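Taking it in order: structure first as structure tokens, then the write-up.
The values are calculated or read from the model by the stated rules, or taken from the named source; none is laboratory data. Just so it is clear, the model here is predicted, and its values are computed rather than measured. Using ideal geometry, Cβ is built from the backbone for each residue, glycine included, and neighbour counts are taken over all protein chains shown. What goes into the accessible areas is simple: the full protein's heavy atoms, side chains included, and nothing from ligands, DNA or RNA. Shrake-Rupley method; radii C 1.70, N 1.55, O 1.52, S 1.80 Å.
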Amino acid sequence: MPKLSHRVSTFTDSVIRRMTRISDEYGAINLSQGFPDFDPPRPLLDALAKVAYEGPHQYSVTYGAENLRAAIARKQGKAFNREIDPETEICITCGGTEAMMSVVMSICNPGDKIMVFSPFYENYSADTILSGAEPIFIPLVPPEYNFDINLIEDGFKQGAKAIIICNPSNPCGKVFTEEELLAIGKLALKYDAFVVTDEVYEHMVYAPNHHTCMAALPGMYNNTITCNSLSKTYSITGWRLGYVVGPEEVIEACKKVHDFLTVGAASPLQEAAVTGLNFPDKYYEDLLALYTEKRKYFLDGLDSIGIKHNVPQGTYFVMIDIQEFLDMPKFKGYTDLEFCEWMIKNIGLAAVPGSSFFREPVNNLIRLHFAREKSTIDEAIRRLSKLRELAQA
Ligand code: GLN
């Protein structure tokens, strides 16, 4: 058999998505890969049904259907407090995943460095490797997930071309404050580097925290590339619709990468999604209220059974601390991955091992999410409540 590329041997498949496969195999409750178990908003489904008969069913413009780009330009323009040109400053992609990949491929040459916070959403490291670039990891230190701005300056001094900021952060739920973003932005300008943001959880930021767009900060637009997705905001993760917003030169490059990677996102789904982009502000207020309630419900559930956890400022992810279990004889020598596999098989609940997010050797945190109906959350807590007893058996 001829040899494969070196590139593909330097990373594994996505552990998040692997956990979903194992969960499905065992019929477990899947709190690993983040996606809701409830339906998208009814008007989106109606729009999709209409599109089935009325089209379009052929390719859209490669970088996105004109009406969807116009709708995104309106929404992002409001968020950035500036006019966005839908023709030159937006590229619609197949999910946030392709958005980030096309950005990293557009800005990096082989050997370039790019800063990534740790813990990080696992795609970023694969995106970097596939682009031939090298990540410089900046620790976000639990339990507060704070960072040292001097390490970021060091990274820029080493020539980092960009820093990726997931805001709010998957998996740790950190919401970057305006002050933190201003400090990072100032350094990016000083060292003439890009800030690449992933804002797919922008509408899940819990009071008193609030979401700040890096691109909206003074002087930052030309150095900021924003990746976003419709998946979480409209509960349509399977539609695979995402986009990049940024300055014209960057988007020009992204359009080229995107064209040859995928040609374009599914045109019927783009057409139906326009309905969502045109929802009034109340839609986003209701979405936040829904997730605020689910967060409380899930965290109260964890507290009621004495499971240690962080309190996410944003996203629908919660990190729980499994150290007390790893200290038990039954789990002696277990990795967090082995513990997650044991949980799926023995209590019927799937989580993501924290080690897949951390650069540092962290083995005691696992990630769960609460984008689930209350009845599913109830059952998940019931299953978690059996952990101690089973662990001691
Ligand atoms: N962002 C989601 C998660 O971290 C998954 C996204 C994906 O699998 N493409 O679980």
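From the residues in the range 346-383 that are more than 23 Å from the chain's Cα centre (by Cα) and not in a helix (DSSP H, G or I), which one is surrounded by the fewest Cβ atoms within 10 Å (Cβ to Cβ)? Here the residue is Gly348. For the range 1-33, residues that are at pLDDT below 95 and among the small types (Gly, Ala, Ser) total 3. For the range 171-182, the criterion of being among the small types (Gly, Ala, Ser) and away from the ligand (no atom under 16 Å from the Cβ) is met by none of the residues.
Would you pick out the residues in the range 323-342 that are crowded, with 17+ Cβ neighbours inside 10 Å, of a type in the set (A, V, I, L, M) and touching a residue at least 60 places away in the same chain (Cβ under 8 Å)? Matches in the range 323-342: Leu337 only.
Screening Tyr221 with (1) away from the ligand (no atom under 16 Å from the Cβ); (2) free of Cβ contacts under 8 Å to residues at least 60 places away in the same chain; (3) open to solvent by 10 Å² or more (accessible area, probe 1.4 Å) gives one miss only, at (2).
Within the range 342-363, the set of residues being within 12 Å of the ligand (Cβ to nearest atom) and in contact with a Pro (Cβ under 6 Å, 6 or more places away or on another chain) comprises just one member, Phe357.
State all residues of the range 215-231 that are outside any strand (DSSP E or B) and under 11 Å from Gly95 (Cβ atoms); if no residue qualifies, say none. Result: Leu230, Ser231.
When each of Ile366, Ile322 is tested for being among the hydrophobic types (A, V, I, L, M, F, W, C) and within 15 Å of the ligand (Cβ to nearest atom), the lone residue that passes is Ile366. Residues that are within 16 Å of the ligand (Cβ to nearest atom), buried (at least 23 other Cβ atoms within 10 Å of the Cβ) and among the aliphatic types (A, V, I, L, M) do occur in the range 150-164, at least one of them. Here Glu98 fulfils each of the conditions (1) surrounded by fewer than 24 Cβ atoms within 10 Å (Cβ to Cβ); (2) closer than 14 Å to Ala265 by Cβ apart from (1). Filtering the range 169-176 for residues that are within 27 Å of Leu365 (Cα to Cα), of a type in the set (S, T, N, Q) and either in a loop (DSSP other than H, G, I, E, B) or more than 22 Å from the chain's Cα centre (by Cα) (or both) leaves a non-empty set. When the range 11-31 is limited to residues that are outside any helix (DSSP H, G or I) and away from the ligand (no atom under 12 Å from the Cβ), the one that is surrounded by the fewest Cβ atoms within 10 Å (Cβ to Cβ) turns out to be Gly27.
Return yes or no: is Ala207 of a type in the set (Gly, Ala, Ser), closer than 27 Å to Pro280 by Cα and in contact with a Phe, Trp or Tyr (Cβ under 6 Å, 6 or more places away or on another chain)? Answer is no for this residue. Mind checking whether some residue in the range 311-322 is of a type in the set (D, E, K, R) and open to solvent by 50 Å² or more (accessible area, probe 1.4 Å)? No: the range 311-322 contains no residue that is of a type in the set (D, E, K, R) and open to solvent by 50 Å² or more (accessible area, probe 1.4 Å). Exactly one residue out of Ala265, Ala272 is within 16 Å of the ligand (Cβ to nearest atom), small (Gly, Ala, Ser) and either surrounded by 20 or more Cβ atoms within 10 Å (Cβ to Cβ) or assigned to a helix (DSSP H, G or I) (or both), and it is Ala265. Would it be correct to say that Arg7 is over 22 Å from Asp281 (Cβ atoms), in contact with a helix residue (DSSP H, G or I) (Cβ under 9 Å, 6 or more places away or on another chain) and surrounded by fewer than 13 Cβ atoms within 10 Å (Cβ to Cβ)? Judged against the criteria, Arg7 is a match. From the list Ala99, Ala52, Ala73, Ala65, the one residue that fits, being aliphatic (A, V, I, L, M) and either in contact with a Pro (Cβ under 6 Å, 6 or more places away or on another chain) or at pLDDT below 95 (or both), is Ala73. Among helices (runs of 4 or more DSSP H) entirely within the range 37-149, having at least 3 residues that are within 16 Å of the ligand (Cβ to nearest atom) singles out 95-107, 123-130.
Filtered by the rule that a residue be within 18 Å of Asn81 (Cβ to Cβ), part of a loop (DSSP other than H, G, I, E, B) and out of contact with any His (no Cβ under 9 Å at 6 or more places or on another chain), the range 178-214 gives His210, Thr212, Cys213.
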